[in-house]
Amino acid sequence: MGNPNVGKSVVFSRLTGIEVISSNYPGTTVEYTLGKTTLGGESAEVIDPPGVYSLEPSCRAEEVTREIFEEGADVVVDVVDATNLERNLNLTLQILERGLPTVVVLNLWDVASRTGINIDVEALERELGVPVLTAVAVSGQGIRELVRAIPEARVPPPVVFESADQRWARVGEIVERTQRVVHKHPTILERLEEATIKPLLGIPFGLLVLYLSFAGIIRLGEFLIGTILDPIFAVYGSFVTEVVGQHTTGILRDILIGTSPEIETSFGLLTTGLYVPLGMVMPFVIPFYIVLGVLEDVGYLPRISVLVDALMHRVGLHGAAIVPCILGLGCNVPGVMATRVLESPKQRYLAATLMAVSVPCAAQNAMIWGLLGPFGLRYIAIVYGTLFLVFISAGFILSRIIGGESPEIFLEIP
């Protein structure tokens, strides 16, 4: 268990060998994941619930986690972000209140050390009354120690807090006794990260990222088409036209290779039918997912969510809804599936509807770039500008017609 974006799913993957999505997208693990591992020579079932901030539910993810927790567990592995000990300890104390055997894992230990955060692990272990380990889950550091520690997990000393204020006061005491922070001046990268969520600099930066992303996708797609795929299809087109033309006639020939000698305009199954998806669409789809993966890995997607939150509220959504929309630019199906992270049926319906009418998928994007790219980015901008206006106007109208609530969310920025 643990807060969102503390590396909980990575620890789960290390323990079980099951690859789960470990990204900065908000609410990635909406449904819990099951896995198997061997502990102390015995097979054990490992459950990876959604990341939560509290066992006092305020959203669907926290409800799911609490339901799983109340079903009972032999051992709880509480993954804590070592760079943000104070915030994470609130959930830790709630877990300890339940009286289950617990092991606390201080993940991101390398980042904490690099940023001047020093935690006395032995003192923290005494304060909590349960084993405390350090780990760097992405590299596997500390996982072997965790595997050995889980069978030896012990029940924490009885503790009950009468109120949230009392629990937070205890968190403050623990942090005061166990953590020391050496002040370090922010780096240029940290200053840039901070600027990306401020409208004054974040919006121009976001537009620049958008421009560079689309420009890079178009240039790389055109390069793949011009230098690799067009020469291949030129040879393939001549070959298949000659072979099929010799062995078929009439309507069958027209179906297979069409009526034109040009592969782009013959409209045959073996000519244009293959050239359009492989020679026109695929060269733009591959760069799109490369760019999306880069933006995800550097943690820029949740920053976009913060940046557009005010705008998305105008259409009855919140900033986190931009992530399904961005996924919809690749394919509307995973985009619609990603709307599960939205809290209310109204928000999920709005996001899915707006994606259907105004968010082009990768194949449609590829056709837009392929057809208009040679004429310059201006015409591409006109198309996307029109779609943006449709998105805003349709969302504004639908949000006022459709009943239901649009709850707020907490969003983790890595």
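Okay, here's what the table says:
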| quantity | calculated |
| --- | --- |
| The listed residue being hydroxyl-bearing (S, T, Y) and free of Cβ contacts under 8 Å to residues at least 60 places away in the same chain, out of T115, T102 | T102 |
| Residue that is touching a Gly at 6+ places or on another chain (Cβ under 7 Å), over 30 Å from T92 (Cα atoms) and among the β-branched types (V, I, T), where the choices are I263, I217, I188 | I263 |
| Selection count, region 244-285, where residues are in a helix (DSSP H, G or I) and either buried (at least 16 other Cβ atoms within 10 Å of the Cβ) or polar (S, T, N, Q) (or both) | 17 |
| Restricting region 62-77 to residues that are within 28 Å of I117 (Cβ to Cβ) and either at pLDDT 95 or above or of a type in the set (V, I, T) (or both), the residue that is nearest to the chain's Cα centre (by Cα) | T65 |
| Members of region 61-77 found to be touching a residue at least 60 places away in the same chain (Cβ under 8 Å) and not hydrophobic (A, V, I, L, M, F, W, C), listed by number | T65 |
| L317 outside any helix (DSSP H, G or I) and within 30 Å of E194 (Cβ to Cβ) | yes |
| Neighbours by Cβ (under 7 Å, 6+ apart or cross-chain): first from region 251-278, more than 21 Å from M367 (Cα to Cα); second hydroxyl-bearing (S, T, Y) and loosely packed, with under 15 Cβ neighbours inside 10 Å | L256/T248 |
| Subset of region 363-380 [closer than 22 Å to N332 by Cβ and of a type in the set (A, V, I, L, M, F, W, C)] | A363, A366, M367, I368, W369, L371, L372, I380 |
| Residue in region 297-310 that is modelled with pLDDT under 80, in a helix (DSSP H, G or I) and buried (at least 16 other Cβ atoms within 10 Å of the Cβ) present | yes |
| Qualifying residue in region 186-208 (condition: surrounded by 13 or more Cβ atoms within 10 Å (Cβ to Cβ), in contact (Cβ under 8 Å) with a residue 12 or more places away in the chain and in contact with a strand residue (DSSP E or B) (Cβ under 6 Å, 6 or more places away or on another chain)) | no |
| Members of region 337-362 that are closer than 20 Å to I397 by Cβ, within 16 Å of the chain's Cα centre (by Cα) and of a type in the set (A, V, I, L, M) | L342 |
| Residue match in region 151-158 (condition: modelled with pLDDT under 90, surrounded by fewer than 18 Cβ atoms within 10 Å (Cβ to Cβ), under 25 Å from G40 (Cα atoms) and of a type in the set (D, E, K, R)) | yes |
| From the options V333, V308, V298, V291, residue that is free of Cβ contacts under 8 Å to residues at least 12 places away in the same chain, under 20 Å from the mean Cα position of the chain (by Cα) and under 27 Å from L189 (Cβ atoms) | V298 |
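The values are calculated or read from the model by the stated rules, or taken from the named source; none is laboratory data. These numbers were taken from a predicted model, which means no experiment stands behind them. Cβ sites come from the backbone with ideal geometry, for glycine too, and all protein chains shown count toward neighbours.
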